[in-house]
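The values are calculated or read from the model by the stated rules, or taken from the named source; none is laboratory data. It should be emphasised that the depicted structure is a prediction, and the values quoted were computed from it without experimental measurement. Glycine gets a Cβ as well: all are built from the backbone with ideal geometry, and neighbour counts include every protein chain shown. SASA here: full protein model, heavy atoms, side chains in, ligands and nucleic acids out. Shrake-Rupley method; radii C 1.70, N 1.55, O 1.52, S 1.80 Å.
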Amino acid sequence: MTLRKTPRLFYALVLAIGFAFSACDKDDDTTTPDTGTSVGTDVPDVYKKIYGASQIYVEGNYIVVKSTGLPDHKTPYYKGTQWESALYVNDTRSGFKMNSNTILSFSYVFKLPKNPTVASTHKALGAATIGVAINGVPLFNQYQMENQLLTPGAGEYVSFDLYGGHPTPFSEYHYHIEPSYLTASKGSSSLIGFLLDGFPLYGPVENGKTLTSSDLDAYHGHTSATADYPNGIYHYHTTADAPYINGNGYYGTAGTWSK
Ligand SMILES: [Zn+2]
Ligand SMILES: [Zn+2]
C-alpha cells in the first residue's frame, strides 16, 4: 500500500513544483511593443542593440533572441488593433496601396550562431524569414508569393508602408527591404539586425558611400571592419536595389526561428 502511495505523492509534488515554475516563467510583456529587454549576463554587447527583443540569452553555441515582432514605429497596419490609438498613422504617400492584412503579436524565437563562420556549402534561403531587425521585427527575403522577385512600384512592393514593412495574411509584420525607421533613428550606416546565420546586417551607407548590390558578393555582403566589429567580420548591407537584404543564400550556416 505504501509502495503505491509514495509515487503518487511524488508525482503530485513534481506537478505542483512544475506549475509554480511555469507561473514564474510566464512572459507578461507579449502584448505591448518595446517593453524592455531581459538580457543574459554572458550575452556579448553587440546583441544588446536588439532593443526590441523581450529576451536575449546564450544557449550553447547560439544567441537566443525572443520578440513579439510588433513594430515600435507607426504604421497604417495597426488600424483596428489594440495598438491603433498609439501607433496607427494614415500613410498618404502616392503609390502606396495598403494590403488587407493586420498586425498580431507572436512569440518569435530566433537562434543565431554565437560564433558565425563561413559555410562550406552556401544554403539557399529556406522560408521567407531570414533574420531579425534590432526592433524585433522579422526580416524576410526578396520574394513575394511564388518566388517572384519584389520590384518597386509593382506587386506586393506597393503595400510596403512608410517604413518599408507590411503584414502577411497571417498578420506577421516584416521587412523585405531597408527598415527605414531604424536607419533614420540609428543612422544609415548602423547595425540594423542579424540574419539567421549570425552575421550582422547594416544600413546602405558605408564610409560615406551609399552601396548598391554591385558592391557586394552573391550573398549581399562583404568582409571588413565595422563599428561593432573593429577586427573585421562578414556582414550584409541593405541596398535600394534588389535583392535588398540577402542574395542567393546565407554566407554562413543558418540557425533557426520559430513562432
Ligand atoms: Zn511580405
Ligand atoms: Zn560593409
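For the structure I just gave you, tell me whether A127 is within 15 Å of ligand 1 (Cβ to nearest atom) and either in a loop (DSSP other than H, G, I, E, B) or within 21 Å of Y236 (Cα to Cα) (or both). Walk me through it before giving the result.
Working: within 15 Å of ligand 1 (Cβ to nearest atom): yes; either in a loop (DSSP other than H, G, I, E, B) or within 21 Å of Y236 (Cα to Cα) (or both): yes.
The answer is yes for A127.
Selection of region 45-54 for residues being farther than 19 Å from N115 by Cα and either in contact with a strand residue (DSSP E or B) (Cβ under 7 Å, 6 or more places away or on another chain) or open to solvent by less than 20 Å² (accessible area, probe 1.4 Å) (or both) yields G52, A53, S54. Of everything listed in (1) among the hydrophobic types (A, V, I, L, M, F, W, C); (2) part of a loop (DSSP other than H, G, I, E, B); (3) farther than 24 Å from F170 by Cα, the single unmet condition for L70 is (3).
Step by step: first the residues of region 169-191, then only those that are farther than 22 Å from Q144 by Cα and not hydroxyl-bearing (S, T, Y), then the one that is farthest from ligand 1 (Cβ to nearest atom). Which residue is that?
So the first thing to find is which residues in region 169-191 are farther than 22 Å from Q144 by Cα, and the list is 182-191.
Imposing the further condition that a residue be not hydroxyl-bearing (S, T, Y) reduces the set to 182, 184, 186-187, 191.
Details: L182: 17, A184: 21, K186: 23, G187: 25, L191: 23 Å.
Filtering first and then ranking leaves G187.
Exactly one residue out of Y234, Y181, Y251, Y229 is closer than 26 Å to F96 by Cβ, touching a residue at least 12 places away in the same chain (Cβ under 8 Å), touching a strand residue (DSSP E or B) at 6+ places or on another chain (Cβ under 9 Å) and of a type in the set (S, T, Y), and it is Y181. Does D197 fit the bill of being within 11 Å of ligand 2 (Cβ to nearest atom) and acidic (D, E)? Answer is no for this residue.
Within the option set M145, M98, being of a type in the set (A, V, I, L, M, F, W, C), surrounded by fewer than 20 Cβ atoms within 10 Å (Cβ to Cβ) and at pLDDT 95 or above holds for one residue only, M98.
Selection within region 222-251: residues that are closer than 18 Å to K49 by Cβ and crowded, with 23+ Cβ neighbours inside 10 Å. The member of this set that is nearest to ligand 1 (Cβ to nearest atom) is I245.
Do you know which residues across region 103-120 are among the hydroxyl-bearing types (S, T, Y), farther than 16 Å from F199 by Cβ and in a loop (DSSP other than H, G, I, E, B)? Can you show your working first?
Step one: filter region 103-120 for residues among the hydroxyl-bearing types (S, T, Y), giving 105, 107-108, 117, 120.
Applying the additional criterion that residues be farther than 16 Å from F199 by Cβ yields 105, 107-108.
Passing the criteria: S105, S107.
Only residues that are open to solvent by 40 Å² or more (accessible area, probe 1.4 Å) and within 10 Å of ligand 2 (Cβ to nearest atom) were counted across region 210-221, and they come to 1.
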